[in-house]
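What follows is a set of notes on a single structure, which appears directly below.
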Amino acid sequence: MQKFRSFGSNEIDTKAKWMIFVVYLLLIGILVLVSLIVIYFYFPHILNLKPKGDNSTYCDTSECLETAWRITAGLDLEAEPCDNFYQFSCGNCAKNVCRVEKGNQIEYLITESIRDEEKEPLLSLKKLYQTCSSLTSANIEVDEEFWNLIKELGGWPILQGSKWTSFDLKEAILKCFNLGLPYEWIIEIGTFRTWWEKLEFTPPKSRNPFLEDPFAESLYTELIDRTAESMGASKVERLDVRKIVQLEKRINLLSKKYNDLKQRPFRLRELKKIIPRLDLQELFNNVSENDIHDNSYIFSNYYFVKDLSLLLAGTPPRLL
């Protein structure tokens with residue numbers, strides 16, 4: 001009899017546990033269902049769903065998106081909304097509008113003409129502005145003179161591009177000589193007078209120091225490139241800058257090689273045959289007080305003249 005009671009008690013405990021388990025499941029199901037209903041109606045963006053028949057809370061038209069952008073652009077996110085809600089909601093808008101208005105007012109005050117009753121601080125500002133404006137105009141005039149000088153010397157192909165036509169080295173040297181500009185970037189021509197006039201045709205005595213060191217050479221190349229760019233040269237035309245620097249290096253080598261060598265007298269007609277590309281007769285007639293002709297003697301070094309002739313013959317005119 002005792003064993004029968006024990007079995008019945010165990011059976012009741014098992015049923016009770018199952019009932020409790022079922023109740024838990026029902027409660028969990030109800031909670032899940034309620035959660036889904038709340039999310040569906042109050043937080044539909046979580047499920048990426050929209051309640052049917054209610055589109056008023058969604059911004060998907062161009063007008064709405066533009067308005068939303070303007071509102072967010074006016075927000076000052078650095079401000080604390082709880083401390084200063086106006087600064088948070090309209091701070092950036094106020095900053096931008098005020099900055100533009102103040103800038104326009106200041107510009108108008110400074111640029112308008114000076115009046116007789118002008119206060120001293122504002123009068124000083126206006127005078128300073130007008131002085132700077134005058135300097136700007138003067139700089140424009142200087143730039144125009146510089147451009148005209150470049151054109152007169154034969155132009156610069158890197159700036160002119162396809163508009164550049166031709167270049168005459170002899171003419172460029174003569175123009176530099178007549179204008180008092182340095183012309184000894186490739187050759188030096190000169191007269192030395194004792195009891196007679198001695199004419200010389202030599203390599204340039206001064207050399208470009210920036211080409212003696214690789215680092216300085218790269219800076220020098222970049223300087224020319226940036227100068228050409230600031231003057232309006234295109235990227236394609238500026239590719240010739242490195243070729244120009246390499247030409248300068250070759251001229252530097254000629255100067256190093258032949259400057260200290262002995263010279264001997266040549267008749268002008270002999271030099272003409274060695275370097276036909278350069279009109280030496282006209283060059284020397286511009287520096288000499290005497291009439292230079294084919295039988296005139298000019299002191300030079302044969303190998304320098306020969307190497308210079310090869311250099312000029314192998315160099316496109318646009319690089320000179």
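The values are calculated or read from the model by the stated rules, or taken from the named source; none is laboratory data. Everything numeric in this text was worked out from a predicted model, so none of it was measured. Neighbour counts are summed over all protein chains in view; Cβ atoms, including those assigned to glycine, are modelled from backbone coordinates with ideal geometry.
Points to keep in mind about this one:
- Qualifying positions in the stretch 153-162 - in a helix (DSSP H, G or I) and either touching a residue at least 24 places away in the same chain (Cβ under 8 Å) or aliphatic (A, V, I, L, M) (or both): PRO157, ILE158, LEU159, GLY161
- Qualifying residues in the stretch 156-165 (those that are modelled with pLDDT of 75 or more and under 25 Å from LEU283 (Cα atoms)) - the one surrounded by the fewest Cβ atoms within 10 Å (Cβ to Cβ): TRP156
- Selected residue (criterion: surrounded by the fewest Cβ atoms within 10 Å (Cβ to Cβ)) from residues of the stretch 297-320 that are charged (D, E, K, R) and modelled with pLDDT of 85 or more: LYS306
- Conditions (1) farther than 30 Å from GLY91 by Cα; (2) at pLDDT 65 or above; (3) in contact with a helix residue (DSSP H, G or I) (Cβ under 7 Å, 6 or more places away or on another chain): number failed by MET19: (3)
- Summed over the stretch 278-296, the residues that are of a type outside the set (S, T, N, Q) and either buried (at least 16 other Cβ atoms within 10 Å of the Cβ) or within 45 Å of the chain's Cα centre (by Cα) (or both) give a count of 8.
- Matching residues in the stretch 220-252 - criterion: being touching a helix residue (DSSP H, G or I) at 6+ places or on another chain (Cβ under 7 Å) and more than 30 Å from VAL305 (Cα to Cα): ASP225, ALA228, GLU229, MET231, GLY232, ALA233, SER234, GLU237, ARG238
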